[in-house]
1. Just to verify a result, which residue in segment 266-290, among those that are surrounded by fewer than 20 Cβ atoms within 10 Å (Cβ to Cβ) and of a type in the set (Val, Ile, Thr), is modelled with the lowest pLDDT?
2. Among (1) modelled with pLDDT of 90 or more; (2) surrounded by 14 or more Cβ atoms within 10 Å (Cβ to Cβ); (3) within 25 Å of the chain's Cα centre (by Cα), which single condition is residue 16 missing?
3. What are the residues in segment 78-133 that are β-branched (Val, Ile, Thr), open to solvent by less than 40 Å² (accessible area, probe 1.4 Å) and within 18 Å of the chain's Cα centre (by Cα), if any?
4. In segment 134-143, how many are within 19 Å of the chain's Cα centre (by Cα) and surrounded by 12 or more Cβ atoms within 10 Å (Cβ to Cβ)?
5. In segment 233-255, what residues are over 30 Å from residue 297 (Cβ atoms) and open to solvent by 80 Å² or more (accessible area, probe 1.4 Å)?
6. Can you name every one of the helices (runs of 4 or more DSSP H) wholly within segment 226-308 that holds 2 or more residues which are touching an Asp or Glu at 6+ places or on another chain (Cβ under 6 Å)?
7. Only one residue in 105, 77 is out of contact with any His (no Cβ under 6 Å at 6 or more places or on another chain) and farther than 19 Å from residue 295 by Cβ, so which one is that?
8. How about segment 56-73: which of its residues are under 24 Å from residue 300 (Cβ atoms) and crowded, with 17+ Cβ neighbours inside 10 Å?
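The values are calculated or read from the model by the stated rules, or taken from the named source; none is laboratory data. None of these values were measured; they are calculated from a predicted model. Counting neighbours? That spans all protein chains shown, and the Cβs are built from the backbone with ideal geometry, glycine included. To get the accessible areas, we keep the full protein, side chains included, count just its heavy atoms, and leave off ligands, DNA and RNA. Shrake-Rupley method; radii C 1.70, N 1.55, O 1.52, S 1.80 Å.
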Amino acid sequence: MTGYLIRRVLGFGPVLFLITVISFGIMHLAPGKPTDAAMSFNPKVSLEARQRLEKLYGLDRPLHAQYAQWLWRSVRLDFGRSFLDDRPVTEKIVERLPITLTISLASLLLVLAIAIPLGVAAAVRPGGWFDRVSTVFVFIGYSTPSFWLALFCISLFGVTFRWLPISGIHSLDYESFSLAHRWLDMGWHLILPVGIAAFGGLAGMSRFMRSSMVEVLQQDYIRTARAKGLPERRVLFHHGLRNGLLPVITILGLSVPDLIGGAVIAETIFSIPGMGRLFYEAVMARDYPVIMALVTIGGVLTMVGNFLADLAYASADPRIRVGRLEAR
């Protein structure tokens with residue numbers, strides 16, 4: 001098991017290198033340059049001025065030289081400076097990270113708190129009325145576009161009923177509030193963004209949980225536990241749920257990058273200065289340093305998420321540990 005973990009960690013470097021090479025190449029193949037936003041709409045800008053700006057950004061150098069320079073800086077955790085405002089990229093990311101983590105963790109906890117019991121309840125009686133109602137709910141969740149749902153909630157809860165705020169994360173007089181009032185105000189502003197971010201994941205997670213539990217509850221050891229006269233609650237949550245959580249563990253591992261990447265649609269529509277909105281603005285402006293920094297962080301988190309999912313798999317299912325030990 002230890003040898004397997006060491007091989008996985010050593011494999012992070014080559015995989016991350018390929019991710020950055022491909023991302024760097026695709027980014028430069030996309031139409032448009034960082035200088036377009038500053039010069040294309042100004043007829044007085046000369047060709048010499050455009051060339052000077054490209055030289056300032058280092059865009060006049062060959063592509064492989066640009067990548068080598070970026071790689072040397074990024075190894076030292078220096079992602080350069082943004083083309084838009086000349087601020088350090090790391091500073092911009094750290095500035096927006098807390099709000100994105102707050103929204104992502106809150107939506108993930110909400111999904112888990114609702115989806116797991118919902119999936120287990122639907123799996124107890126497949127084809128029953130509760131299973132059918134939850135299936136309809138899942139189809140609605142999958143088929144409803146996030147941007148449409150966000151606009152609908154803004155119109156209904158923010159404009160018509162005026163129950164919830166529709167933009168930002170603070171009130172205008174936020175600075176005058178007490179500490180407890182500030183937390184309540186922030187939570188009040190995040191109800192709609194967190195709900196929108198969790199809606200689609202809730203539908204998918206509950207369906208995965210339901211399918212996994214239906215399969216688990218048909219196993220022989222579940223029949224044996226019931227034949228021994230164990231309470232149904234113990235059979236479901238002690239014997240069945242542990243193995244039924246394996247697909248959910250995989251989804252959670254793949255969800256790790258989303259904790260940092262943020263929900264682009266929710267953050268854009270609700271005017272929340274998070275990581276998702278930062279990535280969207282960087283792509284639109286061809287802000288290469290910011291794009292590469294976020295892509296690199298996403299690649300690292302994806303590999304870390306898969307690694308943690310493997311560890312959780314081995315912890316939840318002893319057969320996986322035995323299989324890997326035998327493979328050694």
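1. My answer is 268.
2. (1)
3. 93, 99, 100, 103, 111 - these are the residues of segment 78-133 that are β-branched (Val, Ile, Thr), open to solvent by less than 40 Å² (accessible area, probe 1.4 Å) and within 18 Å of the chain's Cα centre (by Cα).
4. 1
5. 233, 234, 237, 238, 242 - these are the residues of segment 233-255 that are over 30 Å from residue 297 (Cβ atoms) and open to solvent by 80 Å² or more (accessible area, probe 1.4 Å).
6. Correct list: 275-285.
7. The match here is 105.
8. Listed by number, the residues that qualify are 66, 67, 70.
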